[in-house]
Amino acid sequence: MKAAKLHLPLSKSDLVGLWAGDLCTLTGPVYTLRDAGHARLLEELEAQGTLPYGLYGQTLFYAGPSPAAAGRPFGAIGPTTASRMDFAAPRLHRAGIVATIGKGKRSQKVVQACRETGSVYFVATGGAAAFLAKCVETSTCLGYDDLGTEALRKVEVADFPVFVGIDVSGNDIYAR
Amino acid sequence: MQDKQKRFISAGQVATAIEAAIPAIACDLPSDVLEALTVARAKETGARGAVVLDHLTENARIASEDQVPLCQDTGVVWACLEIGPGVTVEGDVFSGVDAAVARAYCGADLRKSLVRDAFSDRSNTGDNTPAFCELHLVPKEGLARLHIMLKGGGSDNASRVVMLDPSAGTRGVREEVLACVREKAANACAPLVIGIGIGATFDKVASLAKQALMRPLGKPSADSRLAAFEEELLDAVNATGIGPGGLGGDTTALGVHVLTAPCHIAALPLAINMGCSAMRRKSIDL
């Protein structure tokens, strides 16, 4: 289990240096999006042909945070089950999303998309959302505000701990 | 025992108890769960599993100290009122619960995770209502016990009901539980608390599995045969090596709790209700 400190957005050389099972920390912007937001983002992508909201080259975090508390942008923020976003992930990787953060297993189509596009899937600890909220510095709502917790947000994190779930070669931690 | 004629539970009492309990349930991990995580961490040999368990115990400390939610998914509220002989309740005993839940979730900055209708209107209700309430009449003189659980979506999604053939027997139940764990544990925030219902009917067996989650960890079934089966299942689940977070290790579950009931001669209903490592629940005697 190798440990790496990574800065976001990830470069190609960052991505190819990651192996399924590695422990990393992430510092920089991640973009929260989950179930209902994915349907909307796909619609916008199809209409415009490119990723909106400056998402090209960025990292999506599958999360629906709880409101601000204890002087922090969110009382709690942690990964939701990633497989529910499998319907959209291959299309978004091909459009330029280079990494996703969630929890749990992904479909073979997502593994294949990671291999084809040189993208990765990170796994964060589920149910550790008070701990992870301490890694959040700022949050800005970019869209889909009417979805409440499911809105698209740019969230700046510092030393946010994740494991590499799927690497650019298609190695999958859950397949072991 | 009080004068049984005077024992009365009002809708107001139930609503008040629920409103007061929710913020603490969302932020304070039950002591039995924290104890089980701590014991598991000391024994865990999986490198990634140990990191996950460290995250979870640190999370419990921060959530309790800062009174922030243990998990961003602060769940659906499930309330079960158990009433024994000698206790009466108002016919609309749950009428104040939704208003109490709305006040608690908005007042304590908890996430609102419910949509108006599963099929026809998936807009958020905005206040985490409605709650899901059950009234159970039980043969315990004078009992008025309120069980509250904040149930996350990820672990409930990993749950299932299966109608087995009676010939499947103990082995069939064991295989089904292990299949469910192998398929779903990684998505359900292991280490899990696994509630299992066996018996009754299609609709009731899921309720048994959910009630099984209320029993504190470390307290085996009062029925010695069931206690042995729970231990056997826990050993088998942990032998999978799925581990904390599904990332490999010795601790896939903290406990397996089984409740059984009579059933039809043709049936062997089985329900598996997955509870996550943030098993948020409380039982209150009113």
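What follows is calculated from the coordinates using simple rules that are stated; it is not laboratory data. Everything quoted here is computed from the prediction, not taken from an experiment. FYI the Cβ positions are ideal-geometry reconstructions off the backbone, even for glycines, and counts take in every protein chain you see.
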Roughly how many Å is it from the Cα centre of the range A:121-139 to that of the range B:57-77, as a whole number? 12
Per-residue mean of C-beta atoms belonging to partner chains within 10 Å, peptide A:70-82: 6
Residue among A:Val110, A:Leu51, A:Gly96 farthest towards the positive dipole end of the range A:47-176, charges placed on Cβ: A:Val110
Check every DSSP H run in chain B and write down those whose alpha carbon atoms cover 20 angstrom or more along the long axis and whose mean Kyte-Doolittle hydropathy is -0.5 or greater. B:11-27, B:47-66, B:224-238
At q = 0.14, 0.15, 0.19 Å⁻¹, base-10 log of I(q)/I(0) for the range A:10-170 (Debye sum, equal scatterers on each alpha carbon): -0.63, -0.73, -1.21
Using 7 Å Cα-to-Cβ label points, what is the A:Glu137/A:Arg40 separation (nm, one decimal)? 2.7
Just checking the output field for B:61-67: average partner chain Cβ neighbours within 10 Å of each residue's Cβ? 5
Those GluC sites (Glu not before Pro) in the range B:115-207 that DSSP places in a loop and that have at most 12 other beta carbons within 10 Å: B:Glu141
Based on alpha-carbon centroids, what's the gap between the range A:43-66 and the range A:143-176 in Å, whole number please? 12
Between the range B:93-113 and the range B:123-191, how far is it from one alpha carbon centroid to the other, in angstrom? 22
Tell me, what ³J(HN,Hα) does each residue in the range B:262-279 have, in order and in whole Hz, if you take phi through Karplus 6.51 cos²θ - 1.76 cosθ + 1.60 with θ = phi - 60° and put x for Gly and Pro? x, 7, 5, 4, 8, 10, 9, x, 9, 10, 10, 10, 6, x, 7, 5, 9, 7
Treat the count of other C-beta atoms within 10 Å as a stand-in for reagent exposure and order B:Thr260, B:Thr16, A:Thr138 from fewest to most. A:Thr138, B:Thr16, B:Thr260
When the Debye formula is applied to the Cα atoms of the range B:1-158, each taken as the same point scatterer, what base-10 log of I(q)/I(0) results at q = 0.10, 0.12 Å⁻¹? -0.47, -0.65
In terms of modelled amide H atoms, which long-range or inter-chain residues lie less than 5 Å from the amide H of B:Ala200? B:Ala261, B:Cys263
Would you kindly derive the ³J(HN,Hα) couplings of the range A:88-94 from the backbone phi angles with the Karplus curve 6.51 cos²θ - 1.76 cosθ + 1.60 (θ = phi - 60°), listing them in order in whole Hz, with x for Gly and Pro? 10, 4, x, 4, 5, 4, 5
Sequence ranges B:213-222, B:45-54, ranked by mean other-Cβ count within 10 angstrom, highest first: B:45-54, B:213-222
Least to most buried among B:Leu208, B:Leu226 (fewest other Cβ within 10 Å first): B:Leu226, B:Leu208
